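Enquirer: One structure coming up, written as structure tokens, with questions to follow.
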Amino acid sequence: MHIDPVRLFKADTPNTIVILDAEVQYDHDVHRRYQASERWSPEDARGLDRREARGDPRITPRWACQRIVALSWLVMSQGDDGLRPVRMHTCGAPEQDEGGIVRTFFADMERLTAVQLVTWNGFGSDLPHLLLAAAATGLRLPTCLAKLHAPWPRGSGAHIDLMAEMCGGADRVHLAEIAAKLDIPVKLTCRPDLVSKLMEQGKWSSVKAVAEGDVLTTAMVLMRWRHLSGGSVSILEMTQRLASFVAGHCGHRAYATDWIRFGERMLHDVMVSETAKLNALAM
């Protein structure tokens, strides 16, 4: 008896995929409470060079002393013909604080019966922030995300860290590096190291656009990755689906133009390639 490994994989995977990205900012109130618990004073920083200061959590806040200021998620359906974007939701400052952001996300997830979260470096950033924020707010995990509670069952299918899956035993790399290899739009709003400046300047719409951009890039990377195992009809079809979604739902964002051009370029390249094949056969 022949068993199709692709169909077997799909049978164990929820039909709803949620691509998630969070943007975070230092929470100086939390950090001051931590410094107080360490009996830290500015005099303790004297004599430390820049590298030592960056590595000292009493001076440079680590992830537990950060807060979520923007969260974006793309809901996708998964069928025999691949992934289809359904809707994207983004929330954040200044309309909502961290608790409100997580509450909004959980409420949306509670309406879904089975979900597989997909992130880029989610185990290293998005999920720790999300779960700690939920604990600090006094929230309970939605039923469909219950498996995310520690100890995290990384092989359960509740969450896929696409970075860990694609990099395997190789060095972990940035999303932008993978996108460059696949020639996918990425980091269109601003340079990654300038996102904190947007926060300081109160440019929250741009911060949300950054989160959305990472979600869209991760979605396209996921589509290309799933195509390796027969998880989509064609790369062209996947590209057109996402580019059309951006055009129809994110036209107010500056990055939409790049995604539309990306879809058009992909279609043009395929048409040129197929025309060349037909011409070769006609000779």
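Please treat every number below as a calculation from the coordinates, not as lab data. Remember, it's a predicted structure, so these values are computed and weren't measured experimentally. Note: ideal-geometry Cβ built from the backbone for every residue, glycine included; neighbour counts use all protein chains shown.
Enquirer: Mind listing which GluC sites (Glu not before Pro) in segment 58-152 are in a DSSP loop and have 12 or fewer other Cβ atoms within 10 Å?
Expert: Here the sparse-neighbourhood loop sites are E95.
Enquirer: Quick one: how many lysine pairs does segment 5-282 have with C-alpha atoms less than 30 Å apart and a gap of 8 or more or different chains? Give me the count, please.
Expert: Taking the Cα cut-off of 30 Å, the pair count is 10.
Enquirer: Placing unit charges on C-beta atoms (Lys and Arg positive, Asp and Glu negative, everything else neutral), compute the dipole magnitude of the chain about its Cα centre in debye, rounded to 20.
Expert: 120 debye
Enquirer: Starting from segment 10-61, pick out the GluC sites (Glu not before Pro) whose DSSP state is loop and whose Cβ has at most 15 other Cβ atoms within 10 Å.
Expert: Answer in residue order: E38.
Enquirer: For each of L162, L267, count neighbouring Cβ atoms within 10 Å of the residue's Cβ, then give the residues from fewest to most.
Expert: L267, L162
Enquirer: Under 10 Å, Cα contacts only: if you run a Gaussian network model on the chain, which one of K187, K208, K197 comes out with the highest mean-square fluctuation?
Expert: Of K187, K208, K197, the Gaussian network model singles out K197 as fluctuating most.
Enquirer: Moving on to the next point. Express as a percent, rounded to the nearest 5, the fraction of DSSP beta bridges in the chain (both residues included) that run antiparallel.
Expert: Just about 80 percent of them are antiparallel.
Enquirer: Please give the calculated 222 nm ellipticity per residue for the chain, where each DSSP H segment of at least 4 residues contributes -39500 (n - 2.57) and the sum is spread over every residue; nearest 500 deg cm²/dmol?
Expert: My calculation for the chain gives -15000 deg cm²/dmol from helical runs alone.
Enquirer: May I ask you to list the GluC sites (Glu not before Pro) in segment 122-220 that are in a DSSP loop and have at most 10 other Cβ atoms within 10 Å of their Cβ?
Expert: The qualifying sites: there are none.
Enquirer: Multiply the residue separation of L194 and H149 by 0.36 nm, subtract the distance between their alpha-carbon atoms, and state the gained length in nm to one decimal.
Expert: Value of the extension gain: 12.9 nm.
Enquirer: Quote to one decimal, in nm, the extra length available between L267 and A247 on full extension: 0.36 nm per residue of separation minus the C-alpha distance between them.
Expert: Stretched out fully, the L267 to A247 stretch lengthens by 5.7 nm.
Enquirer: Gain in length, R111 to E52, computed as 0.36 nm per residue apart minus the alpha-carbon separation, to one decimal in nm?
Expert: 16.6 nm
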